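Encoded as structure tokens, the structure appears first; notes follow it.
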Amino acid sequence: FTRERLWLVSLALAFGVDDATFDRVVFAVERGHGERLLDRLIATRRPEHPIGEDLPFPRILGSLDAAFDAADPERAVASVRKYLDGWYPAWKGTMGWGGHEAQHVNHYWGYWAFEVPGVVTALGLDDASLRDNEFYPRDLLG
């Protein structure tokens, strides 16, 4: 459930939920504590939140996590773009993938990297160069 935890925290950050709602989100993803990317996202709103060592799916999430270590915003955006460029094949076989072939099933919501807006928001990045990517949920963010 790594992706789902990332989605929940990322969307809470992107939508700027109030503190009480954010606390409920953090409580809901508590089993994911110790996951570095998840903890880094949480710590942008809760600086006292400890950052774990574990990065699940490092080949997939590594470039998104690297945005937090980038020396400047342009490099951070480049890391996020790299993640988006490999997003579709990287998550092949996970929940929702292939949903377009079975649209009669209510599980299909499209192919969007819901975890990315959280990183963009958390790091205060300009997402103008990401908006062309078909997997970036630009319509959600206004």
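What to note about this one:
- Note that region 41-54 has calculated 3J(HN,Hα) couplings of 4, 4, 5, 5, 9, 10, x, 7, 5, x, 9, x, 9, 6 Hz, one per residue in order, obtained from phi through the Karplus relation 6.51 cos²θ - 1.76 cosθ + 1.60 (θ = phi - 60°); glycine and proline are x.
- Solvent-accessible surface (1.4 angstrom probe) belonging to residue 87, in square angstrom, nearest 10: 10
- Taking all protein chains as they are arranged and a probe of 1.4 Å, the heavy atoms of residue 21 leave approximately 40 Å² accessible to solvent.
- Interchain or long-range residues, amide H under 5 Å from residue 54's placed H: 36
- Mean accessible surface per residue for the chain, computed with a 1.4 Å probe while every protein chain stays in place, in Å²: 55
- Net charge of neighbours whose Cβ lies under 14 Å from the Cβ of residue 89, counting Lys and Arg as +1 and Asp and Glu as -1: +1
- Calculated from backbone phi, Karplus (6.51, -1.76, 1.60) coupling profile of region 55-61 in Hz, x at Gly/Pro: 10, x, 6, x, 5, 8, 8
- Apportionment of accessible area to carbon and sulfur, the chain, percent (1.4 Å): 53
- By accessible area with a 1.4 Å probe, ligands and nucleic acids excluded, highest first: order of 134, 53, 4: 53, 134, 4
- Karplus-derived 3J(HN,Hα), 6.51/-1.76/1.60, for each residue of region 2-13, Hz, glycine and proline x: 4, 4, 5, 5, 4, 4, 4, 5, 4, 5, 4, 5
The values are calculated or read from the model by the stated rules, or taken from the named source; none is laboratory data. Because the structure is predicted, anything quoted here is derived from the model rather than measured. Using ideal geometry, Cβ is built from the backbone for each residue, glycine included, and neighbour counts are taken over all protein chains shown. The protein model used for the area step is the full one, side chains on, heavy atoms only, and it has no ligands, DNA or RNA in it. Shrake-Rupley method; radii C 1.70, N 1.55, O 1.52, S 1.80 Å.
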